[in-house]
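Take a look at the structure below.
The values are calculated or read from the model by the stated rules, or taken from the named source; none is laboratory data. These figures come from a predicted structure and were not determined experimentally. As a convention, Cβ positions derive from the backbone with ideal geometry for all residues, glycine included, and neighbour counts pool all protein chains shown. Note: accessible area is taken over every heavy atom of the protein model, side chains too, but ligands, DNA and RNA are not part of it. Shrake-Rupley method; radii C 1.70, N 1.55, O 1.52, S 1.80 Å.
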Amino acid sequence: MTEPLLAINGLVVSLPAGADRRCAVDGISLTVQRNEIVCLVGESGSGKSMTAHAILGLLPRQVSASEGEIRFGGRNLLDLPPPEMRALRGSQIAMIFQEPLTALNPLARVGKQVGEAIRIHERVPEAQVNARVLELFGQVGLPDPASLVSAYPFQLSGGQRQRVMIAMALANDPELLIADEPTTALDVTTQRQILDLIRSLQKTRDMGVLFITHDIGVVADIADRVVVLRHGKVVEQGAAAGVLHEPQNDYTRTLLDAVPGRGAARAATATGVPLLEIKNLQKVFLTRQGLLSPPRMVVAAQGIDLILNRGDTLAVVGESGSGKSTLARMVLRLIEPDSGEIVFDGAPVQLMKGETLRQFRRRTQIVFQDPYGSLDPRLKVGESIVRGPMAFGASRAEATATATRWLGKVGLGAHAFDRYPHEFSGGQRQRICIARALALDPVCLIADEAVSALDVSVQAQVLKLLSDLKAEMGLSMLFITHDLRVAREIADRIVVMQNGRIVEQAPTKQLFDMPTAEYTRRLLDAVPGRDFFNRRALAGVLG
């Protein structure tokens, strides 16, 4: 058997004193062959990214690879002096990071940034660098490369920025590509395009790929082999088909079972009595890309009509830019619509003022996508929760009792009251945001991509929590998501939006079984791992 392109043997990455555990990576071993995609799977804190950073010599100063070896090209990367590691990094081993907007320089044009990756490793004429950048932009499927090389990162969509990152990673024809959660924050159709692109480029370039993800659907679509990590240890590894169809470890089975939307669609439980009615809602934004450029019209809402019934969960699904979040903000009067009507419990929302508007916002609460950004880092979580009830007349003692009760209901317990947001995981912070919203005893909860950034098992826990609390309190929910799997798991009805318009709305089972809009069918076809999980669900039904 040929020597693997990458071989990690007994790697230990030690954490500084005072950390929750001794090692971020605890004795893992794995290999990546040429022309192979190996998926490194696990939840946050499992050691996936630490492993990638150890390969590239990018570990934080207080963290060290204390044991084991990482062999690439006949050398142990852990023994290489910094100049040799710098020469290797970006040329023979390249990396695609999770968040391209953070990884890219916001003040430099994207073409210049990709060209810089070439100049650092090769002394070639400027004309040749520019030609290579245009060629790379074309290879990764960017539209109009000649125009986009002059764009800044903020002028591109999330999918386009990720394609720029892929172009940068491929600039020097690396032998090994490390992709660290490159599709986590992307819409399903963009995610599908990026996965297909990585697979295609891997085949044509004969690269080895170490693909880091927590999404089992992505693994089912792209992996040749799978390595499952938990708490820094390898709990299972093998060929993708074997691990996914016949997992040997309980943790692997837990990850598979936590993937949303695998079972039968929810049966509608709504009363049929409208709580929120939206009629012919319109909203247009005017944007400029530069001081001298002409304004551009962006249609965020065009003729939107929908009804949220009491006790109903209505999922609003669509890609970035479809108008989902703008719709949520217009419902709460955080953005004023240009025209149309929003009626809540029989009262027109646009006419509400003063105390009436305050009470409406108490009864209609929102949970945002990023729980860390939603919580004040300077306030203990208990204080963040008690301020809501106190703003509406509760005494501190009453508000404290309410906050403690809700911290218990969301599974955190009273001991969480005096801790700060940074002391909790992402899933726990989202539970705190849910507790803060429900402490005001709302009748309607708006969840704006509330689970999109969470690990699959944490996502399943939060979805179950929301479903249980909805049933207990009789809540109505407007659930905004780009993930049809999540919508299938939680929604009674689904509304599909594209470019500010509703293209289809139907009960969940009907929409999944018989979609009528071509756009809906495209979204369904793009769901990661759809064929695998459909086969797995069918096998379970048959016996």
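Could you list, in sequence order, all residues of region 392-424 that are hydroxyl-bearing (Ser, Thr, Tyr), assigned to a helix (DSSP H, G or I) and either under 25 Å from the mean Cα position of the chain (by Cα) or farther than 27 Å from Gly354 by Cα (or both)? Walk me through how you get there before you give the answer.
Of the residues in region 392-424, the ones hydroxyl-bearing (Ser, Thr, Tyr) are 395, 400, 402, 404, 420.
Retained after the next criterion (residues that are assigned to a helix (DSSP H, G or I)): 400, 402, 404.
Once the filter is applied, which keeps residues that are hydroxyl-bearing (Ser, Thr, Tyr), assigned to a helix (DSSP H, G or I) and either under 25 Å from the mean Cα position of the chain (by Cα) or farther than 27 Å from Gly354 by Cα (or both), region 392-424 yields only Thr404.
Is there a residue being free of Cβ contacts under 8 Å to residues at least 40 places away in the same chain and either part of a helix (DSSP H, G or I) or crowded, with 21+ Cβ neighbours inside 10 Å (or both) anywhere in region 168-181?
Within region 168-181, not a single residue is free of Cβ contacts under 8 Å to residues at least 40 places away in the same chain and either part of a helix (DSSP H, G or I) or crowded, with 21+ Cβ neighbours inside 10 Å (or both).
If we keep just the residues of region 352-391 that are open to solvent by 70 Å² or more (accessible area, probe 1.4 Å) and not in a helix (DSSP H, G or I), which is farthest from His422 (Cα to Cα)?
Per the criteria, the residue is Lys353.
Return yes when Pro153 is free of Cβ contacts under 8 Å to residues at least 60 places away in the same chain, surrounded by fewer than 16 Cβ atoms within 10 Å (Cβ to Cβ) and either closer than 21 Å to Pro106 by Cα or among the charged types (D, E, K, R) (or both) and no when it is not. Give the derivation first.
Numbers: free of Cβ contacts under 8 Å to residues at least 60 places away in the same chain: yes; surrounded by fewer than 16 Cβ atoms within 10 Å (Cβ to Cβ): no; either closer than 21 Å to Pro106 by Cα or among the charged types (D, E, K, R) (or both): yes.
Answer is no for this residue.
Restrict the check to region 70-87 and report whether at least one residue is open to solvent by 20 Å² or more (accessible area, probe 1.4 Å), closer than 25 Å to Gln202 by Cα and touching a His at 6+ places or on another chain (Cβ under 9 Å).
yes
Take Gln193 and tell me if it is within 29 Å of Ser325 (Cβ to Cβ) and either assigned to a helix (DSSP H, G or I) or open to solvent by 10 Å² or more (accessible area, probe 1.4 Å) (or both).
Values: within 29 Å of Ser325 (Cβ to Cβ): yes; either assigned to a helix (DSSP H, G or I) or open to solvent by 10 Å² or more (accessible area, probe 1.4 Å) (or both): yes.
Yes: the conditions hold for Gln193.
On the basis of being at pLDDT 85 or above, surrounded by fewer than 24 Cβ atoms within 10 Å (Cβ to Cβ) and assigned to a loop (DSSP other than H, G, I, E, B), does Asp468 make the cut?
no
Kindly indicate whether any position in region 300-308 is open to solvent by 30 Å² or more (accessible area, probe 1.4 Å) and not in a strand (DSSP E or B).
No; the residues of region 300-308 include none that is open to solvent by 30 Å² or more (accessible area, probe 1.4 Å) and not in a strand (DSSP E or B).
Applying the selection to region 215-230, what residues are part of a loop (DSSP other than H, G, I, E, B) and either of a type in the set (Asp, Glu) or surrounded by fewer than 24 Cβ atoms within 10 Å (Cβ to Cβ) (or both)?
Start the filter on region 215-230 by keeping residues that are part of a loop (DSSP other than H, G, I, E, B), which leaves 215, 223-224.
Within region 215-230, Asp215, Asp224 meet the criteria.
Can you name every residue in region 445-459 that is of a type in the set (A, V, I, L, M, F, W, C), buried (at least 21 other Cβ atoms within 10 Å of the Cβ) and touching a residue at least 40 places away in the same chain (Cβ under 8 Å)?
The first filter runs over region 445-459 and keeps only residues of a type in the set (A, V, I, L, M, F, W, C), leaving 445-447, 450-451, 453-454, 456, 458.
Next, from what is left, pick out any that are buried (at least 21 other Cβ atoms within 10 Å of the Cβ): 445-447, 450-451, 454, 456, 458.
If the condition is that a residue be of a type in the set (A, V, I, L, M, F, W, C), buried (at least 21 other Cβ atoms within 10 Å of the Cβ) and touching a residue at least 40 places away in the same chain (Cβ under 8 Å), then Leu445, Ile446, Ala447, Ala450, Val456, Val458 are the ones that fit.
Identify, please: which residue in region 88-109 is of a type in the set (S, T, N, Q) and open to solvent by 50 Å² or more (accessible area, probe 1.4 Å) and is, among those, modelled with the lowest pLDDT?
Kept after step one, since they are of a type in the set (S, T, N, Q), are these residues of region 88-109: 91-92, 98, 102, 105.
Going one step further and asking which of them are open to solvent by 50 Å² or more (accessible area, probe 1.4 Å), we end up with 92, 98, 102, 105.
Numbers: Gln92: 92, Gln98: 76, Thr102: 79, Asn105: 92.
Here the residue is Gln98.
What's the number of the only condition in (1) assigned to a helix (DSSP H, G or I); (2) at pLDDT 90 or above that Ile502 fails to meet?
(1)
Please list, ordered by residue number, the helices (runs of 4 or more DSSP H) wholly in region 21-106 having 3 or more residues that are within 30 Å of Gln160 (Cβ to Cβ) and in contact with a helix residue (DSSP H, G or I) (Cβ under 7 Å, 6 or more places away or on another chain). Before you say what the answer is, go through the steps one by one.
On the way: elements: 48-56, 82-88, 100-103.
Hits in region 21-106: 100-103.
Going by the structure shown, is Met165 closer than 30 Å to Ala7 by Cβ, in a strand (DSSP E or B) and touching a residue at least 12 places away in the same chain (Cβ under 8 Å)? So that I can check it myself, show each step before the final result.
On the way: closer than 30 Å to Ala7 by Cβ: yes; in a strand (DSSP E or B): no; touching a residue at least 12 places away in the same chain (Cβ under 8 Å): yes.
No, not satisfied.
Are any residues in region 326-347 outside any loop (DSSP other than H, G, I, E, B), open to solvent by 40 Å² or more (accessible area, probe 1.4 Å) and touching a residue at least 24 places away in the same chain (Cβ under 8 Å), and if so, which ones? Steps first, please.
To start, the set of residues in region 326-347 that are outside any loop (DSSP other than H, G, I, E, B) comprises 326-331, 339-344, 347.
Cutting the leftovers down to open to solvent by 40 Å² or more (accessible area, probe 1.4 Å) gives us 329, 339, 341.
Passing the criteria: Ser339, Glu341.
Filter region 424-438 down to the residues that are more than 17 Å from Ser457 (Cα to Cα) and either open to solvent by less than 10 Å² (accessible area, probe 1.4 Å) or of a type in the set (S, T, N, Q) (or both) and list them by number.
Pass one, region 424-438, residues more than 17 Å from Ser457 (Cα to Cα): 432-438.
Within region 424-438, Ile432, Cys433, Ile434, Ala435, Ala437, Leu438 meet the criteria.
How do the pairs read when you match residues in region 234-257 that are under 21 Å from Ala24 (Cα atoms) with residues anywhere that are among the polar types (S, T, N, Q), using Cβ under 8 Å and keeping only pairs 6 or more apart or on different chains?
Val234/Ser29; Val235/Asn249; Val235/Thr252; Glu236/Gln248; Glu236/Asn249; Glu236/Thr252; Leu255/Ser457
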